[in-house]
Amino acid sequence: MLAHKMAAALATGIAIPAVLAQAAARGQLRGRRLIYLIGLLGAATLAMIVVGLAAPQRFLSPADLALVGELVTTGAQWTLPALARGGRTLALGHEAAIALVLGVLAAAVLATSPGDQRRAAGLRVVAWASVVLALLIGLPWLDVSSAQGLAFRLRLAAFVPLALCGAIVAGAGLGIARSRFRAALIRRGGLDESAVARQVQRAAWIAVAIVLGALALRTPGTRTDGRVLAHPAMIAAAQAVRGRLPAGAVAIVPERHILFMVAWYARVPVSLRPDAIPVAQRWRVMPRHFLGFDSPLDAAVLAIRAWPDVIAPVGIHPLHPNGLVIVAEP
């Protein structure tokens, strides 16, 4: 999940306005610099549009604007799952719910600690953007019924505002604990400022060591949320692709998880889409789920094995002839 593209997009979306706010607060966005910035932002926007139009399947494109309209639903789900479809719920450790709680606490911290507005302009933008993002991701009315929807992608990246809001809350809590510990030391021991500072620093390092030790020694348990668990038979089928394709062939695998396995186990060139691959080099490696269980296509791939003058499909799945089948492009 840490490698999900949405997390990078959210982090970048928070960082850019923060940098601009900090530069503006220091008086650095004037004259030619402002013109350069406007030009750079315009060029970046144009580049994103061009890339989206050129490769709409891999990057955001104008067609993805429809995802915004599908972001919310009228039915609230108060457990805040990342995905809820067909009676199955993916919670991912309740990151969305934790981020929501931390977002509310972080908002209270920010509202009661004005700080130096000029020096910390960028930090405050990061902080408030993290709060808004946590509250948005924690809305119970997000439509998480589709694994391709924007709400599901946002919930996958809930750890971004969780971490940032958690830092805000932890920082405020440590500040309160430090001031109270310091006051207690002065009252009890009559220590001077330097001695108190040393005691506070020592206590802080001990607390950090305890927390890091607990994190290092904890056991992850047996949670499988967010993991794609491959059936042993499918792993065996992916391994069996090795040596079944002619030289120069490219395996066209329509499901990315199986594509990863075929590339890893069989060490053959792979592609999700056939468009850029010359016809003579295309060999389809299709799971039965893609063919459709007991569908006309499933039956046809079974029947074609008996046709004369045809390159017969090769079933390599140990449990079903079409469980994973290699079919020549013609």
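The values are calculated or read from the model by the stated rules, or taken from the named source; none is laboratory data. Keep in mind that what you see is a predicted model, and the values were worked out from it rather than measured. FYI the Cβ positions are ideal-geometry reconstructions off the backbone, even for glycines, and counts take in every protein chain you see. For accessibility, only protein heavy atoms count, side chains too; no ligands or nucleic acids. Shrake-Rupley method; radii C 1.70, N 1.55, O 1.52, S 1.80 Å.
Figure the gain on full extension for TYR36 and ALA163 (residue separation times 0.36 nm, minus the Cα-Cα span) and round it to one decimal in nm.
On the way: separation 127, 0.36 × 127 = 45.72 nm, distance 3.30 nm.
That works out to 42.4 nm of additional length.
Proximity of backbone amide H atoms, modeled 1.01 Å from N, is registered between LEU83 and LEU90 at under 5 Å, excluding neighbours fewer than 5 places apart on the same chain.
Once the other residues with Cβ under 13 Å from the Cβ of LEU154 are scored (Lys, Arg +1; Asp, Glu -1), what is the net sum? Intermediate results must be reported in sequence, preceding the final value.
Details: positive: LYS5, ARG153, ARG155; negative: GLU70, GLU95, ASP143.
Taking every other residue near LEU154 into account, the sum is 0.
Distance between the C-alpha centers of segment 137-214 and segment 305-330? Whole Å please. Comparing the Cα centres of segment 137-214 and segment 305-330, I get a distance of 57 Å.
Go through (i) -0.28, -0.46, -0.96, -1.11; (ii) -0.40, -0.64, -1.19, -1.31; (iii) -0.49, -0.74, -1.16, -1.24 and flag the label whose value is the computed log10 I(q)/I(0) by the Debye sum over Cα atoms at q = 0.07, 0.09, 0.13, 0.14 Å⁻¹ for this structure. Among (i) -0.28, -0.46, -0.96, -1.11; (ii) -0.40, -0.64, -1.19, -1.31; (iii) -0.49, -0.74, -1.16, -1.24, the one calculated here is (iii). Label-to-label distance, VAL51 versus ALA195, with points set 7 angstrom from Cα along the beta-carbon direction: 6.0 nm.
Listed values for segment 304-316 are Karplus-derived 3J(HN,Hα) couplings in whole Hz (6.51 cos²θ - 1.76 cosθ + 1.60, θ = phi - 60°), namely 5, 4, 8, 6, x, 6, 10, 5, 5, x, 10, x, 10, and x replaces Gly and Pro.
Once the Cα atoms are used to define both axes, helix 159-189 deviates from the longest principal axis of the chain by about 30 degrees.
Taking every alpha-carbon pair under 8 Å whose residues sit at least 6 apart, the chain reaches a relative contact order of 14 percent.
Taking Cα atoms only, the orientation of helix 5-25 departs from the longest principal axis of the chain by about 30 degrees. In the context of the full set of protein chains, the chain has a per residue accessible area of 63 Å² (1.4 Å probe).
Using a 1.4 Å probe over the heavy atoms of the protein chains, calculate the carbon and sulfur portion of the accessible area of the chain as a whole percent. Don't skip to the end; give the middle numbers.
On the way: 13770 of 20780 Å².
Carbon plus sulfur share of accessible area: 66 percent.
Couplings 3J(HN,Hα) of segment 80-90, computed from phi: 6, x, 6, 8, 9, 8, x, x, 9, 10, 10 Hz, in residue order, whole Hz [Karplus 6.51 cos²θ - 1.76 cosθ + 1.60, θ = phi - 60°; x for Gly and Pro].
Give me the net charge of PRO330's neighbourhood, meaning all other residues with Cβ under 12 Å from the Cβ of PRO330; Lys, Arg count +1, Asp, Glu -1.
Values: positive: ARG282, ARG284; negative: ASP309, GLU329.
My count for the surroundings of PRO330 gives 0.
Within segment 229-330, the chymotrypsin sites (Phe, Trp or Tyr not before Pro) that combine a DSSP coil assignment with at most 11 other C-beta atoms in a 10 angstrom radius are PHE293. The C-alpha atoms of the chain define a longest principal axis, and helix 32-54 lies at about 30 degrees to it. Helix-only arithmetic for the chain: the sum of -39500 (n - 2.57) across DSSP H runs with n ≥ 4, divided by the residue total, places the mean residue ellipticity at 222 nm at -17000 deg cm²/dmol.
Working from Cα pairs under 8 Å separated by at least six residues, relative contact order for segment 246-330 is 27 percent.
Take peptides 154-164, 8-18, 101-111 and line them up by average Cβ neighbours within 10 Å, highest first, as a rough protection proxy.
Packing proxy ranking, top to bottom: 154-164, 101-111, 8-18.
With the simple spin-label model, which puts each label point 7 Å out from Cα in the Cβ direction, the ILE311 to ARG26 separation comes to 6.1 nm. Mind giving me the FRET efficiency for HIS289 and ARG187? R0 is 51 Å, r the Cβ-Cβ distance, nearest 0.05 is fine. Taking R0 as 51 Å, the efficiency between HIS289 and ARG187 is 0.15. Legend: calculated FRET efficiency, ALA204 to LEU139, from the Cβ-Cβ distance at R0 = 45 Å, rounded to 0.05, equals 0.80.
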